[in-house]
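These notes concern the structure reproduced below.
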Amino acid sequence: MKTVYLIRHAKSSWDDLTLPDKERPLNERGLRDAPFMGMQLRAKAARIDRLITSPAKRALVTATYFAVALGLPAEQILIEPGIYESQPDDIIDILRTLSDNYTTVALFGHNPTLTALTNLFGGLEEKLDNLPTCGIIRIDADVNHWIDFKEDMGFITEFHYPKQFFK
């Protein structure tokens, strides 16, 4: 069994419209949600072998907060340029290249890609319109090798997002 957590970056700031998209930081809510949701994952005893993130600042900072919450060193974070401006098939291709030494990974990325990717897998009552910022989707795949990972082999077993905890 292989498991992937798809995690949308926490809420980003639009305060400085002169910043390139890749450089946008987290806003106040994002700075609250990223460590909180990382702790939620830790509370579920998630054993993550590798964190893989888009190079965008908002995704990398979100991944860093999760690493701290999960007690993982920064060296466990892999920056994968192909996640930024990707399509669902690109993400699946990235996962299919992973070492089989990893059983569970967390991938930090962006919408609309993560919403579209989520909707390729079964397990939710309805298709998602939008994976919320800092939302977490857990997909369990009945495969022994990442090269075999694809949508018809995986099933969504968890879905968490900040507004479940903050009203």
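Counting each DSSP H run of 4 or more residues in the chain as -39500 (n - 2.57), what helix-only mean residue ellipticity at 222 nm follows after dividing by all residues, to the nearest 500 deg cm²/dmol? Before the final figure, lay out each step's value.
Values: 4 runs with 45 residues, N = 167.
Taking each H run of at least 4 residues, the total per residue is -8000 deg cm²/dmol.
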Report the one residue of THR97, THR115, TRP146 whose Cα lies farthest in the direction of the positive end of the charge dipole of the stretch 31-167 (charges on C-beta: Lys and Arg +1, Asp and Glu -1; origin at the Cα centre). THR115
List nothing, just return the count: lysine pairs in the chain, 8 or more apart or interchain, with Cα separation under 26 Å. 19
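Give the calculated FRET efficiency between LYS163 and LYS44 to the nearest 0.05, with a Förster radius of 25 Å applied to their Cβ-Cβ distance.
On the way: r = 18 Å, r/R0 = 0.72.
Computed FRET efficiency for LYS163 and LYS44: 0.90.
Nearest 5 is fine: what % of DSSP beta bridges in the chain come out antiparallel, could you say?
Rounded to the nearest five, the antiparallel share is 50 percent.
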Counting only heavy atoms of protein chains, what accessible area per residue, in Å², does the stretch 102-156 have with a probe of 1.4 Å? 45
Considering only protein heavy atoms and a probe of 1.4 Å, how much of the accessible area of the stretch 17-106 is carbon and sulfur, as a whole percent? 51
I want to verify a result. In a Gaussian network model of the chain, Cα cutoff 10 Å, which of these has the top mean-square fluctuation: SER13, SER99, SER86? SER99
Roughly what would the spin-label model give for THR103 and ASP16, points 7 Å off Cα along C-beta, in nm? 4.3
Tell me which label goes with the value of Kirkwood radius over Cα pairs in Å computed from the coordinates here: (i) 15.7; (ii) 17.0; (iii) 18.4. (i)
Extension gain ASP89-GLU75, at 0.36 nm per residue separation less the Cα-Cα distance, in nm? 2.4 nm
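The values are calculated or read from the model by the stated rules, or taken from the named source; none is laboratory data. Please read these numbers as outputs of a predicted model, since none were measured by experiment. Virtual Cβ from ideal backbone geometry, glycine too; neighbours counted across all protein chains shown. Side chains are part of the model used for accessible areas, which takes the heavy atoms of the whole protein and leaves out ligands, DNA and RNA. Shrake-Rupley method; radii C 1.70, N 1.55, O 1.52, S 1.80 Å.
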